[in-house]
1. Can you pull the one-decimal nm distance between simple spin-label points at Leu385 and Arg409, each 7 Å off the Cα toward Cβ?
2. Which FRET efficiency value, to the nearest 0.05, do you get for Phe136 and Ala192 by plugging their Cβ-Cβ distance into 1/(1 + (r/R0)^6) with R0 = 56 Å?
3. Spin-label point model (7 Å from Cα, Cβ direction): what's the Leu143 to Ile241 distance in nm?
4. Would you list which lysines come within 23 Å of Lys364, measuring only between C-alpha atoms, while excluding same-chain residues fewer than 8 positions from it?
5. Normalise the Cα radius of gyration of the stretch 286-473 by 2.2 N^0.38 Å (N = residues in it) and let me know the number.
6. Compute the distance in nm between two label points, each set 7 Å from the Cα along the Cα-to-Cβ direction, one at Arg232 and one at Leu207.
7. Using a Förster distance of 51 Å, how high is the FRET efficiency between Arg219 and Ser56, based on the Cβ-Cβ distance and rounded to 0.05?
Amino acid sequence: MKPPSPSSDTTSWNGAQGMIRPFEGELGFARRLVDVICVPAGLFAAVVATGHAWDSGYTHLALLASVLFYLVGQGVGLYRFDRGRGFGWEFGRVWFTWGSVFMLMLFVAFMTKTSAEHSRRLAMTWLVVTPSLISFWRLVMWLGANELRARGYNSRSAAIVGMSPVGLQMHERMKHAPEMGIRVNGFYDDRALARLSPSEQAEQLLLGGFDDLLESARRGDVDIVYIALPPRAENRTVELIRRLADTTASVYIAYDFGGFDLLNAQWSNVGEVPVMSVVEQPFYGSDALLKRVEDVVLGGLILALIAIPMLIISIGVKLSSPGPIFFRQRRYGLNGEEISVLKFRSMTVCEDGDRVVQATQGDKRVTPFGAFIRRTSLDELPQFLNVLTGEMSIVGPRPHAVAHNEQYRSRIQGYMLRHKVKPGITGWAQVNGWRGETDTLEKMEKRVEHDLDYIRNWAVLFDLRIIAMTVLQVVRQRNAY
């Protein structure tokens, strides 16, 4: 029987604690070491590039930054080894980790009144050079590892238990991604062929029943077993895991939750009991901090850039018609809590009651200046203040009037799930054309569909993509009245 590799990046069953315990890959130490070396290397490059001389102060600064980078990186999962993740996730974590370290050091320098002793040009150069170095070497390592796995090196053999839709989906994913380094031998299932999920290759893929799997695992022919049985087959799953404990195969459970509309599903524990969330918000822990840092940094920079244009717009609003400059409207925020959203007033009225009539083309309530700022989305600029106060985010589902929420929540399945995240100034629905008047139920359903798609697939790079698309589309968009 083949002994397990101590450096394997798979998982093993810990019977004493009743949980799956992850192990890091064999390159974990090298990843940490090179990252820590890149931090002082980036500082040295910045010192040379800006014409300064290296001294003991820079040595101490480099050591401090290296330690902080390691600690923060460990905390946000930068060193978690997972073959299934793309490089985009790793790239985002590198820049977030270094940005957090840099902000922490700036805060320390401010509190100790030593910030004036350092060159701003050098600091900004270091801010960019270090994560660029780390990202570059990690990209090289990622591409190299993928190429080696595609050639058959560092690969592991796998078997899938249960020819179910999720099992077939996993098989297709691994078959077309050789860089994952996982070779699927085939399926094992005790059910008759007629009861299995239909597949043109079903007979060729099915290698036998559970007893055949156990025999293969005992011979060492299978490194990883993916159990893709439905939740109702709990007894069979438990029995199979118990019998697989007599082998060295690593075991994963891939339940088929196709009957549920999952939203950011994830495993956690309640005491000793493992539980899985079916509907949950995506921003917890480091992701919540990452999203907030993105909002504060980008929101602050944008507000600094638009301060003068906002002043000019304020004057235009005041001169266009009698009434206040700003319009506050009650909307639902995170977890359905009521917030007041700021906009430049674009109408002669400020409706915010139990019934709110959406603006339509040629609406007489819209002032001439208001039509301009609505068409170019300039009326939304004050919402960057809502972003800084934490009520909104730059990117997220657009907040609807409370009256519209009450109208649609009972008519569209999953409508209120939009409120599992903070509402945004712009969103995935808006850059795909689903903004402005929603005069049919189908239009609102499309908005909700895109909003939930954003929540399921959130990433920093996704946010930046939406922001870039917003800037490109804001002038040519014509369905906002």
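No lab work stands behind these numbers, since they all come straight from the coordinates. Everything numeric here is computed off the predicted structure, so don't read it as measured data. Neighbour counts are summed over all protein chains in view; Cβ atoms, including those assigned to glycine, are modelled from backbone coordinates with ideal geometry.
1. 2.7
2. Step by step, r from the Cβ atoms, then E = 0.55.
3. Roughly 4.1 nm, to one decimal.
4. Within reach: Lys318, Lys343.
5. Working it through for the stretch 286-473, the quotient is 0.99.
6. 2.8
7. Computed FRET efficiency for Arg219 and Ser56: 0.25.
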